[in-house]
Amino acid sequence: MYIGEIAKKTGLSIKAIRLYEERKLIPAPKRSGRYRVYTEAHIDLLLLIKEAKALGLTLTQLQPLAALDDDQPDWEKVEQFLVEQKRRIRDQIKTLDDTIARIDACLKQMHACPEAA
């Protein structure tokens, strides 16, 4: 299928698809004359990139996952990457929870102070 069709199927712009190809996040499609011909494997990869971006990941973070074997992602590497991202997010949540607890303690002390009343 041509780039316009793959753009409709994935909801990505033609510009984005070309960027991902340029950055080697997807394999270069075969050509039929002047036209690039994309496959279902390209759709899978593009949807994976789209989902990763929706999760807040950057193209730079996705670059190590671009090592493709037979035009397929290294799913073990993708899984390890997602588990690591999940761990980082949990660490961020813990840090934010600790900060909220400190703010609550500060507010409690402030309200207990006679001058603040």
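Values quoted throughout were computed directly from the atomic coordinates according to the rules given, and no laboratory measurement underlies them. Predicted model only: the values in this text are computed from it and were never measured. No Cβ is skipped: glycine too gets one built from the backbone with ideal geometry, and neighbour counts run over all protein chains shown.
In the range 22-71, if every C-alpha pair distance is counted and binned at 5 Å from zero, what percent goes to each bin?
The distribution over the range 22-71 is 5, 19, 28, 24, 15, 7, 3, 0, given as percents.
Determine the calculated [θ] at 222 nm for the chain from helices alone, applying -39500 (n - 2.57) to every DSSP H run no shorter than 4 residues and normalising by the residue count; nearest 500 deg cm²/dmol.
It lands at -20500 deg cm²/dmol.
Helix by helix, which DSSP H runs in the chain go 18 Å or more along their axis at the Cα atoms and have an average Kyte-Doolittle hydropathy of -1.0 or more?
Helix filter hits for the chain: 40-54, 75-112.
Treating only the Cβ atoms of Lys and Arg (+1) and Asp and Glu (-1) as charged, compute the dipole magnitude of the range 3-116 about its Cα centre; round to the nearest 20 debye.
Dipole magnitude for the range 3-116 comes out near 560 debye.
Positive end of the dipole of the chain, charges at C-beta (+1 Lys, Arg; -1 Asp, Glu), about the Cα centre: which of Gln80, Ala112, Val37 has its Cα farthest in that direction?
Final value for the positive-end residue is Val37.
Do the alpha carbons of any pairs in Lys9/Lys86; Lys8/Lys86; Lys8/Lys50 sit beyond 19 Å of each other, and which pairs?
Over 19 Å Cα-Cα: Lys9/Lys86; Lys8/Lys86.
What translational diffusion coefficient, in µm²/s and rounded to a whole number, does the Stokes-Einstein relation yield for the chain at 10 °C and a viscosity of 1.306 mPa s, taking the hydrodynamic radius as the Kirkwood radius over Cα pairs?
Translational diffusion coefficient: 92 µm²/s.
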